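Presented below is the structure to which this report refers.
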Amino acid sequence: MDEQTRTELEAAAFRTLVSHLRERTDVQNIDLMDLAGFCRNCLSKWYKAAAEERGIAMDYDEAKEIVYGMPYSEWKEKYQK
């Protein structure tokens, strides 16, 4: 498999994971951390780091909005238990 195809598949898998986590608002971050060792906030930090490695300025709140699909404060108000 060439590098471009691998990158495209990884990106598709990431988008599917983010979409799944957006739909599963019943799953709390603490549950993810306990079971999987990462959560939505971890994904946000990794996304921000990847952007910065490529010279793209992004703050943590912007990255969280990409992962959560809405401002984090709104997600917390609606779904955090």
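Bear in mind these aren't lab numbers, they're just calculated from the coordinates by the rules spelled out. Every value quoted in this text rests on a predicted model; they were computed, and no experiment measured them. We place every Cβ from the backbone using ideal geometry, glycine too, and count neighbours over all the protein chains shown.
Do you know which residues across region 1-34 are among the charged types (D, E, K, R) and either surrounded by fewer than 10 Cβ atoms within 10 Å (Cβ to Cβ) or in a helix (DSSP H, G or I) (or both)? Steps first, please.
Within region 1-34, the first condition is being among the charged types (D, E, K, R), and the residues that meet it are 2-3, 6, 8, 10, 15, 22-24, 26, 31, 34.
Listed by number, the residues that qualify are Asp2, Glu3, Arg6, Glu8, Glu10, Arg15, Arg22, Glu23, Asp26, Asp31, Asp34.
Restricting to region 58-81, name every residue that is assigned to a loop (DSSP other than H, G, I, E, B) and under 12 Å from the mean Cα position of the chain (by Cα). Please lay out each step first, then the result.
Within region 58-81, the first condition is being assigned to a loop (DSSP other than H, G, I, E, B), and the residues that meet it are 58-59, 69-71, 80-81.
Hits for region 58-81 are Gly69, Met70.
On the basis of being of a type outside the set (A, V, I, L, M), touching a Ser or Thr at 6+ places or on another chain (Cβ under 9 Å) and in contact (Cβ under 8 Å) with a residue 24 or more places away in the chain, does Tyr79 make the cut?
Working: of a type outside the set (A, V, I, L, M): yes; touching a Ser or Thr at 6+ places or on another chain (Cβ under 9 Å): yes; in contact (Cβ under 8 Å) with a residue 24 or more places away in the chain: yes.
It is true that Tyr79 is of a type outside the set (A, V, I, L, M), touching a Ser or Thr at 6+ places or on another chain (Cβ under 9 Å) and in contact (Cβ under 8 Å) with a residue 24 or more places away in the chain.
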